[in-house]
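Structure record follows, encoded as structure tokens.
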Amino acid sequence: MRLVDALYSCRYRTQLLICALIGVMGGLGQTPFDVWPLTMIMLALLFGIIRYAPSAGRAAMLSWAMGTGYLMFSFSWLVEPFLVDAARHGWMAPFALILFSLWMASYWLIVGYVTFKSKGYALAFIATVVLNEAVRTFAFSGFPWAQVGHVLIDTGWLHWSSYGGSLGLTALVAMSGAAIWYAVENNWKTAIGLIALPSVLSALSPMVAPEAPATADAPTIRLVQPNAPQHEKWDPEMIPIFFDRQLSFTAAEPTGPKPDLIVWPETSIPVAFEYATASLSAIAEEAQGTPVIAGIQRFDGESYFNSLIRIVEDGEVTTVYDKHHLVPFGEFMPFGDFLARFGIFGLAATGGYQAGPGPQVIDMGPLGSTLPLICYEGLFPHDVGGYDTRPDFLLMITNDAWFGEFSGPYQHLAQARLRSAEQGLPMIRVANTGVSAIIDATGQVTHSIDLGETGWLDAPLPPALPKTVYARLGDMPIIALTLVLLGLSLVVARKSRV
């Protein structure tokens with residue numbers, strides 16, 4: 001093919017650079033750009049490059065280069081946390097972005113190598129792309145941010161995540177990419193066969209996707225968004241300003257029904273739980289009998305936790321939930337004692353947080369029950385689905401001020417939408433700087449406070465839908481199917497060499 005011939009006529013370093021730039025182009029499929037066809041084109045070009053590679057090693061390295069470009073662009077918000085205290089951490093920003101992207105993209109080596117070894121069969125390519133994202137979800141505590149399937153969140157395909165989850169969406173994108181390449185090769189029979197399923201599902205979505213309108217007796221939820229920039233959040237002079245701002249939003253006269261629940265964001269109470277009696281009483285007083293959910297930090301002996309609490313009348317706390325899936329290098333340091341010997345502490349300083357016991361469904365009184373999520377925990381579908389008794393809704397509090405004001409907060413919101421669609425559960429999502437939102441059980445945002453805005457919002461909580469196929473089965477059916485397809489491809493490829 002002319003495109004591939006032109007690439008392989010270049011010097012090896014140029015080939016790597018071109019593939020990295022193709023990966024950057026593919027990153028434009030992620031929010032906030034949402035040009036999802038570019039991600040499919042990226043995968044189409046990757047498939048073609050692998051099929052015509054001169055060796056398995058070359059296919060693997062060019063795949064790695066493309067994956068690195070894709071992830072560097074998609075992860076560009078990662079520099080933001082290091083710039084909050086630029087004098088101390090700013091030097092880490094480029095190393096963190098580049099090295100982390102190279103590491104995460106190393107799984108793409110397998111895509112190139114295995115697809116080449118299977119003689120460039122489309123099923124092997126699709127299977128390895130899906131398995132690549134599955135490994136990213138689970139390995140080394142996991143980081144499933146910017147999966148290629150996430151580009152379909154803002155499309156009609158989102159509904160199908162209730163059957164196959166994010167890995168199912170990834171399969172549709174990979175299938176479409178392979179189909180595009182076969183069309184370039186004028187192999188229309190194979191191209192049409194591969195594109196048939198994504199096309200049918202896209203056409204069916206408007207007809208079969210359920211609606212989750214708010215009912216007449218839906219509870220009213222108040223979202224409180226203080227909009228505290230991260231560099232000011234813990235400034236002693238600004239702390240009382242942000243706290244009083246939240247108190248005033250809590251006490252604001254409703255324009256409609258009185259709120260049934262008021263929600264503050266992650267770490268929104270500026271003192272540790274053990275010293276917060278006065279703060280909790282002030283919150284309860286302004287809430288006038290309405291329960292308040294808020295984020296707080298707490299001690300237990302020498303352990304330090306990032307927690308969520310439920311405050312009722314007189315400042316009494318009826319529920320404490322401790323975040324269990326912590327951010328590596330941000331909330332805890334892997335191999336912290338060893339790295340500390342070299343003066344490397346990351347953003348977690350010397351100690352960081354301790355992990356809580358795991359997912360926990362909590363009682364919310366008349367509202368039913370909820371699964372609380374603190375920031376990073378909303379990335380992991382197996383955590384969100386890790387309940388024994390199905391909750392009535394999901395509840396996420398987060399401090400997205402760490403993510404800046406460009407792509408990070410929007411990508412985090414998109415993943416929250418995906419979690420709701422997968423589980424068929426509505427979500428209350430409250431972020432310090434935004435976007436705070438009510439998300440219905442199909443993954444659609446019904447009400448929101450925009451990024452960077454200061455304010456509060458009362459909105460009805462939509463109902464849950466019946467338990468989805470994905471909520472019942474999880475990722476294992478997709479993973480098992482892709483392993484079978486990959487195995488068959490390798491067997492066929494081996495027999496064809498005999």
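The values are calculated or read from the model by the stated rules, or taken from the named source; none is laboratory data. As the structure is a computational prediction, the values presented were derived from the model and not from experiment. Cβ: placed from backbone, ideal geometry, glycine included. Neighbour counts: every protein chain shown. Heavy atoms of the whole protein, side chains included, go into the accessibility calculation; ligands, DNA and RNA do not. Shrake-Rupley method; radii C 1.70, N 1.55, O 1.52, S 1.80 Å.
So which residues in region 181-208 are buried (at least 17 other Cβ atoms within 10 Å of the Cβ) and either within 20 Å of Leu465 (Cβ to Cβ) or in contact with a Pro (Cβ under 9 Å, 6 or more places away or on another chain) (or both), if there are any at all?
Leu201
Show me the helices (runs of 4 or more DSSP H) found entirely inside region 144-249 where at least 2 residues are within 23 Å of Ala480 (Cβ to Cβ).
Passing ranges, in order: 161-184, 188-208.
Kindly list, by first and then second residue, each pair from a residue in region 134-154 that is farther than 24 Å from Phe332 by Cα to a residue that is among the hydroxyl-bearing types (Ser, Thr, Tyr) and open to solvent by 10 Å² or more (accessible area, probe 1.4 Å), limited to pairs with Cβ atoms under 9 Å and residues at least 6 apart or on different chains.
Final answer for the pair search is His150/Thr31; Val151/Thr31; Ile153/Thr31; Asp154/Thr31.
Just one of the numbered conditions (1) open to solvent by 40 Å² or more (accessible area, probe 1.4 Å); (2) touching a Lys or Arg at 6+ places or on another chain (Cβ under 7 Å); (3) not basic (Lys, Arg) is not true of Phe299; which one?
(2)
Mind listing whichever residues of region 411-434 are open to solvent by 10 Å² or more (accessible area, probe 1.4 Å) and more than 30 Å from Arg472 (Cβ to Cβ)?
Of everything in region 411-434, just one residue is open to solvent by 10 Å² or more (accessible area, probe 1.4 Å) and more than 30 Å from Arg472 (Cβ to Cβ), namely Thr433.
Could you list, in sequence order, all residues of region 46-96 that are open to solvent by 20 Å² or more (accessible area, probe 1.4 Å), under 26 Å from the mean Cα position of the chain (by Cα), hydrophobic (A, V, I, L, M, F, W, C) and modelled with pLDDT of 95 or more?
Trp64, Met72, Phe73
Can you give me the number of residues within region 115-128 that are open to solvent by 30 Å² or more (accessible area, probe 1.4 Å), of a type outside the set (Phe, Trp, Tyr) and farther than 19 Å from Ile192 by Cβ? Walk me through how you get there before you give the answer.
The initial filter retains those residues of region 115-128 that are open to solvent by 30 Å² or more (accessible area, probe 1.4 Å), namely 116-117, 119, 121, 123.
Subset that is of a type outside the set (Phe, Trp, Tyr): 117, 119, 123.
When the remaining residues are screened for being farther than 19 Å from Ile192 by Cβ, the result is 117, 119.
The number of residues fulfilling the criteria is 2.
How many residues does region 209-231 hold that are surrounded by 15 or more Cβ atoms within 10 Å (Cβ to Cβ) and of a type outside the set (Val, Ile, Thr)? Spell out the reasoning first.
Taking region 209-231 and keeping what is surrounded by 15 or more Cβ atoms within 10 Å (Cβ to Cβ), we get 209, 212, 214, 218-230.
When the remaining residues are screened for being of a type outside the set (Val, Ile, Thr), the result is 209, 212, 214, 218-219, 222-223, 225-230.
Count: 13.
Quick grid of which residues meet (1) in a strand (DSSP E or B); (2) farther than 24 Å from His231 by Cβ; (3) touching a Leu at 6+ places or on another chain (Cβ under 6 Å):
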| site | (1), (2), (3) |
| --- | --- |
| Thr433 | no, no, no |
| Ala437 | yes, yes, no |
| Gly443 | no, yes, yes |
| Thr446 | yes, yes, no |
| Gly452 | no, no, no |
| Asp458 | yes, yes, no |
| Leu465 | no, yes, no |
| Ala471 | no, yes, no |
| Pro477 | no, yes, no |
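Of the residues Gly352, Gly356, Gly365, which is open to solvent by 10 Å² or more (accessible area, probe 1.4 Å), at pLDDT below 90 and of a type in the set (Gly, Ala, Ser)?
Gly352
For region 267-274, state whether one or more residues are assigned to a helix (DSSP H, G or I) and modelled with pLDDT of 95 or more.
yes
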